[in-house]
Structures are given as structure tokens and as C-alpha cells.
Amino acid sequence: MKYLLTLLFFSLVLGQQVPEEDGVLILSDQNFEYVLRKYEFVLVDFYAEWCGHCHHLAPIFASSARQVRSQNVQFAKINCPQYEHLCRKYQVTGFPTLKLFADGQLLMEYQGDRTEKAIVDWMRKKTNKGSVEAKSLDQLKRFSESPNLVMVFFGEQKESYEFMQYYQFSQKNKHIPALHTFNQNFANEMRAQVPSIVIYKPYDERKAAIFDNFEISYIEQFVKKHSYPVLMNFDISTAKRIFKGDQPTLFLVQNSQTNQAEKHLRLALSKIKDQILICIANTDNKYGLRLMQYFGIQNDYLPQIVAFNPISDSFNLLSEITKDGIINFTQSFLGLQQRSQKSDL
């Protein structure tokens, strides 16, 4: 009799629809264990209705869920005052608390910033096992329209050298969503060559592809090159890339009154984009203002073009801004840097 009651209980649970709000599953006594076991990964928000920080996090948590959730990854929430015993079981002592479960077991607590980018990046890193095979053409199309950079391998067979290099790269770089397919019809519909690695991105020309060099080192450089728009805006993320990297950067430092120089920079893009990183810093915001101070530029002398080498911490300035002037200035700066490096050897 006990067995029959247990079987009846689980059949009812398995047959029910788990309620959700804004893409976040709503947990309760009846569905908590079921949800944790149904999905490979579940990020649970332990919250309280009266908590102001919880109300602030709720829309951020929901927007993060829309970017990350999949067949294996879900976001969920549980009201702790209503289900105190569950929150005590998982040692929740403050609100909101985010905990990641894997295969029904508590994996770890989220300790990062409570921003959409931080949560999304963390979840992708923790739940991504590398490239997975696309199950349908519709999945591929939706994937290629992602608001973030993603990559797809189009090939003929799993045992190929090209795929093995790609798959190893995807496992090393789990923060980049990746799919693969060996379906020729899918490749045809997506207008992709076989074999190839296609990078889909929400900026510039929207996609770029590798056809003939599948060495991991080349894939790394290729993805790195396409990880940002050709013309970047200077903010905290681009600052980290530039000042912690090894690539020379061309800055246009301007404000809202001097932004006419931008059209000359855009005209020069096609000649210099493959040689140097290019970034616009607006001094109307705090990041651009700090950069202007770093280079020792006075507000009265804007706009300025600055060529910067992060390795030597050296830079040159150009105040007379024209298309040809920018091209010549960039090529001259890069030539000087190369000659300086050779003389140090």
C-alpha cells in the first residue's frame, strides 16, 4: 500500500506543470526535489517577500534566466518564510541567497556581483561542458541570433581532426556558447562551408568563419579578434582588455561637443582595423574622463587621437584629425613600435 501511494505521489508530481514567472520556476514543497532532479543544473534564488534586496535582484535574475536557461539549465526561486524547513536544510541565513544545484545535489553558492552580466557569465562557466550537437535547424537559427558571441562547427564527421581541435577549444573556453553539427542540410540552410567554424556576433558584419586553419592557437586568436566590435566604446570591460593585454590601441578621445572627429575615424577603419584595436573614449562619462587624465590631455585640446602600446606603456598624440592623417599616424606608430622591439633584442 505504501509503495502504491508513493508511486501515485510521484506520478502526480511528474505530470504537473511547474509554475513559472518571467522564465523563473516557482518552487514549493511539492516540486522542489522534482525540479532539482529533472534538470542537470538549477540556480535557486532563496528569497523573502519583505526583502528589499530580493525585489531589486528579481528582474536581474529573470533577465539572466532568459539568456542562460535551456533543456539542462534552469533558474528557480523559493519563498523562504513560506518554506522555512527547505531554507534551513540548505543553510540559508540571509536574503537573497543564490545556490547552484547539479544533478539534484547542492554544488555551490553564488558569491559574485548581483548584475546580469556577472550572473550570466558565472552560470555559463559553471554549466558549459563544451560544444554540444545541434538537435534541429531551428535551434541553430535561434542560437546564431544570440545577443552574445557564439560559435558553431559545421563538419562531416566526429572523428575529424578539424572537429577535435574545435571541441578541445570549446572545452577550454566554456564561457563561449558552442554547438556543432554534421548534418549537411543544416550547413546548407545556414549557408556554411563544410568544414568550418562560424562565429556569430551581435555587431559589425554579424559573422566570421574559419575555413582552412583549425589549429587551437589559430582558433584562439580568431575568436579573440572577433570578441569585440571593430570600433569599441571605452568602459570597464574594454579597459581591462586593453590595459591587461598586449595589443596596441588607437583611442579617439572626445566629448559631445567634439564628436565630429568620429566620422574621420570611421572613414579610416577599413585601412587600420586589422592592425590595431580601435576605441572611442567619451570624456562625458567617468571612464573617458579618467583616460583623458591618464594621457595628460586638457579638455580644451579635444578631440585627440592617441596611439597606445600597453607593453611599453608608451603613447603618441595626434590632434589634426583627418582620414589620411589617422591612417598615416597609425602606420607610423606601429612601425616605430616594431623597430623599438627589434632594437631591444
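Between 0 and 90 degrees, rounded to the nearest ten: what's the tilt of helix 216-225 against the longest Cα principal axis of the chain?
Between the helix axis and the principal axis of the chain, the angle is about 70 degrees.
Keeping all protein chains in place, calculate the accessible area per residue for the chain (probe 1.4 angstrom), answer in Å². It would help to have the intermediate numbers written out before the result.
Values: 19220 Å² over 345 residues.
Value returned for the chain: 56 Å² of accessible area per residue.
Between helix 116-127 and the chain, what is the angle of the helix's C-alpha long axis to the longest principal axis, kept within 0 to 90° and rounded to the nearest 10?
70 degrees
Can you give me the % of accessible surface on the chain that is carbon or sulfur? Probe 1.4 Å, all protein chains present, nothing else counted. Write down the numbers at each step before the final one.
Working: 9480 of 19220 Å².
Accessible surface attributable to carbon and sulfur in the chain totals 49 percent.
Given an 8 Å cut-off on Cα distances and at least 6 residues of separation, report the relative contact order of the range 276-336 as a percent.
On the way: 39 pairs, mean separation 11.7, N = 61.
Relative contact order here is 19 percent.
Quick one: putting +1 on the C-beta of Lys and Arg, -1 on the C-beta of Asp and Glu, what dipole do you get for the chain around its Cα centre, in Debye to the nearest 20? Could the numbers behind the result be given before it?
On the way: 39 positive and 36 negative charges, 44 e Å.
Value, rounded to 20: 220 debye.
For the range 189-236, with only Lys/Arg (+1) and Asp/Glu (-1) charged at the beta-carbon, what is the dipole magnitude about the Cα centre, in debye rounded to 20? Spell out each step's value before the answer.
Values: 6 positive and 7 negative charges, 23 e Å.
Here the range 189-236 has a charge dipole of around 100 debye.
Can you give the angle from 0 to 90° between the axis of helix 262-272 and the longest principal axis of the chain, with both taken from C-alpha atoms, to the nearest 10?
Compared with the principal axis, the helix lies near 90 degrees.
What's the Cα-based Rg to Rh of the range 100-154, Rh via Kirkwood?
With Rg and the Kirkwood Rh in hand, the quotient comes to 1.04.
Rg (Å, one decimal) plus Dmax (Å, integer) for the alpha carbons of the chain?
Cα only, the chain: 25.3, 89 Å (Rg, Dmax).
What is the Cα convex hull volume of the range 148-297 when expressed per residue in Å³? The partial results should precede the final answer.
Working: hull volume 19.2 nm³, N = 150.
Hull volume over Cα atoms, normalised by residue count, gives 128 Å³.
For the chain, can you list the cysteines whose C-beta has no other cysteine C-beta under 4.7 Å from it?
Cys with no partner Cβ under 4.7 Å: Cys279.
The values are calculated or read from the model by the stated rules, or taken from the named source; none is laboratory data. Being a predicted model, the structure only gives us computed values, none of them experimental. Quick reminder, even Gly has a Cβ in these numbers, built from the backbone with ideal geometry, and neighbours come from all protein chains shown. Remember, those area values only see protein heavy atoms, side chains included, never the ligands or the DNA or RNA. Shrake-Rupley method; radii C 1.70, N 1.55, O 1.52, S 1.80 Å.
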